[in-house]
Amino acid sequence: QVHLVESGGGVVQPGRSLRLSCSASGFTFSRHGMHWVRQAPGKGLEWVAIIWFDGTTKYYGDSLEGRFTISRDNSKDKLYLQMNSLRADDTAVYFCARDIGITGMHPDYWGRGTLVIVSS
Amino acid sequence: EIVLTQSPDFQSVTPKERVTITCRASQSIGNNLHWYQQKPDQSPKLLIKFSSQSFSGVPSRFSGSGSGTDFTLTINSLEAEDAATYYCHQSHSFPWTFGQGTKVEIK
């Protein structure tokens, strides 16, 4: 079955960078778009980014102001999120999610998430 | 950005009651509206896709309807395991967005 495991979270100082990873298994990774969605403590879901199945097209949430970059390595079945110039309001659980289609339709399966805390 | 507004924010319901959650979009999104369930300390799970299509394995008591700007998630005969927060999500135009969530509590 679809299995998504996020890693790379932790405590990071404001202004620093962090790269999250998502390992996929149980499906043909290269045939699905992939998402990052985040959830601040006690808050709702915020869509972060999507990347097409082949990595050629990416879209981002408005609030990120160009600080985050989504990428993928289909040879390794991995999804990444490079986060730069981190701020306190980036503190959240970051989920990776599979898109039901090859481009953008909507997420279907989600990982358990990795917690990022931005604090000095 | 398309804003999704859910109502109510919170609902306390007895088992076997019917629950109705609405989601209103700030502009027309066709049927590109999906519903997710999130239980405490778990990741979201897809319930309904494209307004009214049930996702695989989802109990038949969950149903969705609507198009354009107004959508509804209905839970018929609520069960204790349905205690969760429910989110609507639009994939009509980027940036994709979620509603603020509706928490359903079991009395």
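One table, with the values for the structure above:
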item: Restricting segment A:31-47 to residues that are open to solvent by 50 Å² or more (accessible area, probe 1.4 Å) and more than 8 Å from chain B (Cβ to nearest Cβ), the residue that is nearest to A:ILE117 (Cα to Cα); result: A:PRO41
item: Any chance A:ASP77 is within 26 Å of B:SER56 (Cβ to Cβ), in contact with a helix residue (DSSP H, G or I) (Cβ under 7 Å, 6 or more places away or on another chain) and either within 12 Å of another protein chain (Cβ to nearest Cβ) or surrounded by 15 or more Cβ atoms within 10 Å (Cβ to Cβ) (or both); result: yes
item: Identity of the residue in segment A:110-120, assigned to a strand (DSSP E or B) and within 14 Å of chain B (Cβ to nearest Cβ), that ends up surrounded by the most Cβ atoms within 10 Å (Cβ to Cβ); result: A:TRP110
item: Filtered residue count, segment A:86-109, keeping only those that are open to solvent by 30 Å² or more (accessible area, probe 1.4 Å) and touching a Phe, Trp or Tyr at 6+ places or on another chain (Cβ under 6 Å); result: 2
item: Matching residues in segment B:7-36 - criterion: being surrounded by fewer than 21 Cβ atoms within 10 Å (Cβ to Cβ) and either assigned to a strand (DSSP E or B) or out of contact with any Ser or Thr (no Cβ under 9 Å at 6 or more places or on another chain) (or both); result: B:SER7, B:PHE10, B:GLN11, B:SER12, B:VAL13, B:THR14, B:VAL19, B:THR20, B:THR22, B:ARG24
item: Some residue of segment B:70-79 being part of a loop (DSSP other than H, G, I, E, B), surrounded by 17 or more Cβ atoms within 10 Å (Cβ to Cβ), within 11 Å of chain A (Cβ to nearest Cβ) and touching a Lys or Arg at 6+ places or on another chain (Cβ under 8 Å); result: no
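The values are calculated or read from the model by the stated rules, or taken from the named source; none is laboratory data. As the structure is a prediction and not an experimental result, all values here were calculated from the model. Because the Cβ atoms are built from the backbone with ideal geometry, glycine has one as well, and the counts that use them run over all protein chains shown. When the accessible area is computed, the model is the full protein with side chains, heavy atoms only, and any ligands, DNA or RNA have been set aside. Shrake-Rupley method; radii C 1.70, N 1.55, O 1.52, S 1.80 Å.
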